[in-house]
Amino acid sequence: MNFLSTFINVIIIVVLAVPGFCLKKARLLPEKATSTLAVLLLYVAQPFLMMSSILEGEFSASQLPDFAAVFVFAILLQLIVFFAAKPVFARVKEDSSRRVCIACSYLGNVGFMGIPVMQMLFPGREDLVLYTVVYNIVFVAMSWTLGVYIVTGDKKTVNPLKIILNPPTLASLVALPFFFLKVNVPQQVLTPIGYLGDMTLPLSMVILGIRLADVKLSSLFTDLKIYGVAAMKLVISPLIALGMMMLVDLVLPLDRYVMIALFVISAMPTASVVLSFAEMYDKDGATAARATLMNTLLCIVTIPILMLLCEFI
C-alpha cells in the first residue's frame, strides 16, 4: 500500500463529513439531529457492520492463535498508552479536561472507522477485517469500564454489564456461532445485513461534519493540549504498537497480516465514544469534541505516512 493510494482513500473517507457540515451551516437540520443519527449509528449501523464482517468471513482453526494474539494485544496496547498518557497531561489543571485528554489518547475509532478503513485499504482481505472485529470487541469492553472511569473519575459509573449488553457486542455474539460452525447463511440474509452495516462509515462522518460545524475553528487550532492528544493517538500509539509487535516477533513469530492489522488499527483517530461519555456525564465535552475532530482531520496525513512503515513489517 503506497502513500498516494492510502492518502486518496483517507481523503475519500473524510470528504463524507462535508454533507453534514454543509447541512448544519445551512440550518437545514434540527437541533437534535446529531443525537438522532448517533442512535441510528449505534443501534443499527455498527451492529450490522459487525454481523456482516463476521458472517462473510471464513473460519479456520488455524486462525484461533491469531485471534487470541489480537485479543491480548488489544488489551495491552490500550493499557500501555493509557499509562503513557497520564504523565503527558499531568499539567492540565482542570480535572475533567485532563481525564478527557487521557481517554482521547488511547480510545481509537475502531468500530465506526477502523473496519471500513481496513476494507478500503485491503480489499478482499477478510482476515484483516476479522482481526479488527476482535479488537473492537475488546475496545468496547474497555470503553465501558476503564473508559467511563477515566472520563468521570467515579467508579459508580462503571457498569460491567455494559461489556456485553451493548449493540455491537450483542450483534457479534449472535453472529459468532454461525462463523465458528461454518453455517452457510443465505445471500438473501447477508445482503440486507451488509447494506445496513455499510451505513456505518457515512453516518459517523456525517455526524462528525455536523459537530465540526458547531466548533469554532479558532478554538480547534489554538488549544495546545489537543495537539498533545493528536500526537499520542496518531503517532505515539501506533509506534508503541509497532515496537511491541517487533519485540514479540523476535521471540514468538507473528503473522505479518496480524501485525499490519494491529498497526493500522492503532493509527485510527480518537473514538467518538469519548465525546458521548463526556456529554452523558456532563464532563468537558468541548475538549472531547475538539480532540475527536482534530484527530480525524490530521489522520488524513498520519495514516498514509504510517502505512509506509508496513513495508518493514
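The values are calculated or read from the model by the stated rules, or taken from the named source; none is laboratory data. Just so it is clear, the structure is predicted and the values come from calculations on it, not from any experiment. Here Cβ is always computed from backbone atoms with ideal geometry, including for glycine, and neighbour counts include all displayed protein chains. The area values use the complete protein model at the heavy-atom level, side chains included, leaving out ligands, DNA and RNA. Shrake-Rupley method; radii C 1.70, N 1.55, O 1.52, S 1.80 Å.
Using label points projected 7 Å from each Cα along Cα→Cβ, tell me how many nm separate Ile12 and Leu252, to one decimal.
Here the answer is 3.7 nm between the modelled labels.
Given a 1.4 Å probe and the protein chains all in place, what does the accessible area of Lys216 round to, in Å² to the nearest 10?
150 Å²
Restricting to lysine pairs 8 or more places apart or on different chains, what number in the chain have Cα atoms under 22 Å apart?
The result is 22.
Can you pull the three principal axis extents for the Cα set of the range 33-131, in Å, largest first?
Principal axes ranked by extent give 50, 39, 21 Å for the Cα atoms.
Which value, in Å² and to the nearest 10, is the accessible area of Ile240 when all protein chains are kept and the probe is 1.4 Å?
40 Å²
Given labels modelled 7 Å from the Cα in the Cβ direction, how far is it in nm from Asp282 to Leu224?
Each label point lies 7 Å from its Cα, and together they span 3.1 nm.
Can you work out the accessible area per residue across the chain, with the rest of the protein chains kept in place, probe 1.4 Å, in square angstrom? Don't skip to the answer; put the middle values down first.
Numbers: 14260 Å² over 313 residues.
Accessible area per residue: 46 Å².
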